[in-house]
Every structure is written in structure tokens, then in C-alpha cells.
Amino acid sequence: ITVRDGKFWDGDTEWVPRGYNVYPLQWSGPDATQPDWAYTRQYFDRALETGCNVIRCWLYNEEAWHGMYEPDGLLNDPQWAIVDELLNMAERYGVRLYPALWNWRAAFGGANGNKDVWVDDSPFWHHLHVFTRRYAGRPGIFAVDVMNEPPPSFIYEIDEAAVQIKGYDPGMLVGPGTEGQGYLNYGSSTLGDWEAVNKLDSIDFATAHLYPYDVLIAGGSWDPADLPQLLRTLKQRSDGKPLVVGEWSGMNGGTMAVGATEATLDAVEDAEVGHLFWDVQVDNSQGFNGPKTWRLDSIALELIGAPNLPYDPVPPVVPPPVVTPEPDGFELDERTWKKLKRRIGRLENRVAELEAALDVHEDNPDAHHA
């Protein structure tokens, strides 16, 4: 995957990353301390069923239960072997991974404001260097986020990390992992801070995390009609780079506001930006927000449990449906027809990707079968 003219390209074909986040992708299953590949395969199976082409995952390096490095800074070979198998699986399925290499929150192996973790010879730099050298040129990696939701004060460190990644693998795409919703009454940065990080020459594409429902929890106001303009603003101020909404949903904690989710999905699809739903887990797996279940809704999946908090405080203005008669007598409203056309487009792109994968792997029976 490359970037040019403000878009992603797979060879000469325009390509848009669509998918979802899975925090414990390689540690799924009843025992979260050990990989259970039967569970992990379900994520890839569901990606194919829903027309997704990317799964954003998490490769932090200091967590005690699956850290990439031991406390004394030595390489944790068993954990890297697990990542090897995860990447091999992704390539067999033809679904690309989008790893976040570091986190802001200390509870998940991150910096939590401590820039000392970025100094020379720190576990972070070892982690970055080993990852980039180990997986340089692998087609199963779409891109990496240097950090998940970094504060704007880390702009120098993000730039330095991106430059080092490019030094090992010039072809690896790098995003900053920025959240950037201070101008929506929540988050850690203003629009100007977001713009400065995403305009770095070392960064290939801009990122934002979109949780309109959180505005309400913070005491703000939100109208779903604001989303298209927000996305247009982010695209205009991303220095001509493509925009990826690395996380989005209508969720707050374990509660899903269905109306907010539908509105956000429509907005990111209509804006033609990359987007990854937060987040998805198979039944009975223990992850960031507890057990979850699957439900297909375009590419989004609804969490267990009915919403119990108010959402959509300003009801969206719904125009009269435009009925489009079909030759066989069926009639579809405009919204349904638009979703079907998006689904058809994703399926056509998926067919093309699978045909290309078959050509590449025709001499490899296992890959060819997958």
C-alpha cells in the first residue's frame, strides 16, 4: 500500500482502509495470557464476511502479561513468535494488520506523560527497531501508529520515531495515532495541535478518533449533522494527506448508542475516509471492555446490552425517502440503496484483492486455499 495524491493505493487501484480494532487479537480466548488461534481466526473470518480489509491491533512492549520485552529489557522471544504467527495468518487471509506500537496510558504499557521512555536504549526504541527490522516489507502490514492517542507535547518524539521507522523500512506507512478531539469538548488536543502533528513530513497519513457520544458524557452538545463538516475540516487541514479515523463508534464504556453509531458510520463512509470501528471481540473473550458478541451492521458490530443512556439529544433531520424503482419491481429508499452500493463496492474490491492473492500464492497450497 502506498500514498499519493492524498489517497491510498494498492498498485494502481485506489484503496480505502476499512475494518475494526481488536485489542487482544493475538491473545484472544478464555485464557487471555495465551494465544488461542481458533478465536483469532474468527476475527479474520468475520473481516472477510464484512468486507473489511484491515484490523488495528496492539503491540505494546511493557505489559506484564504479554510484554514484548522482559523487565530487564531482554527480548521476549515467545511473544515475538506469537506476532510472527499472527502476521502469517493475516497474510493467508489477505487482511492487513495496523499495529499501534506504544500507548499513552500507563495502565497498558504506555508513557503516561513520561518522556524518559523515549530516551536512547530504552525498551521503546528496542521495540520499535526490532519490529521494523523483523517485519520490513511484509505485505500483511498496512501501516503502524507510533503511539495510540499521544498528547501534542510528544510531537518531537513522534517525528523522531517515524524517521527511524522509515530508516529501516522506507516503504512502511506511519501514522501518529492522534485522537485530536479537543475542539469537540473532549480529548487532549486542540485542532491546531492536531494539525501540527499530522503535518509532520515523516507522517504518511492523518489520524483521528471519533467518539461523538463522549461529548454528551463530558457535558457538551452534539448534533449528528455536525459530523460531515468535522470530517471535511480534518481532511482540509491534514496537509493533503489521506485521513484515517483509527477508532470510532457511538459507544461509551460498555453501552452502545445505536443512533450515534449509525450516524457516525454514515458520516465516515460518505466522507470516503479510512475508518476502523472500536472495538470487536468474539463471544466469551476477555478484552478491554469485557465479553462481547458479534452483530453485522454494514461493517459495525453492536455490543451486548441495550443502551441505557440518552443519545442524539438533537434529533437528526431525516429527509423524505427517495424511492428508486428497480426493474424487477423492488423499491428501495435512498439510505438503503446508498448502503447497498457501498457494500457492492467493498465486495468488488475484495474480489479483486482475493484474485490478486491467488495469483501471488498459486504455488503455495495453504495460502492458495486460504
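Summary of values
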{"read-out": "Among the listed pairs Lys235/Lys341; Lys199/Lys341; Lys7/Lys338, those beyond 27 Å (Cα-Cα)", "value": "Lys199/Lys341"}
{"read-out": "Exposure proxy order (Cβ contacts within 10 Å, fewest to most) of Leu173, Leu340, Leu210", "value": "Leu340, Leu173, Leu210"}
{"read-out": "Net length gained if the chain between Leu347 and His126 were fully extended (0.36 nm per residue, minus Cα distance)", "value": "75.6 nm"}
{"read-out": "Segment Arg335-Glu49, extension gain: residue separation times 0.36 nm, minus the distance between their alpha carbons", "value": "100.8 nm"}
{"read-out": "Placed amide H near Phe205: partners under 5 Å, 5+ positions off or other chain", "value": "Val174"}
{"read-out": "Two-site FRET efficiency, Ala38 against Asp201, from Cβ-Cβ distance with R₀ of 30 Å, rounded to 0.05", "value": "0.10"}
{"read-out": "Listed peptides 151-158, 94-101 by packing density, highest first (mean Cβ within 10 Å)", "value": "94-101, 151-158"}
{"read-out": "Sorted peptide list for 344-355, 14-25, criterion being average Cβ within 10 angstrom, highest first", "value": "14-25, 344-355"}
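Bear in mind these aren't lab numbers, they're just calculated from the coordinates by the rules spelled out. Predicted model only: the values in this text are computed from it and were never measured. All Cβ positions, even for glycine, are placed from backbone atoms using ideal geometry, and neighbour counts span all protein chains on display.
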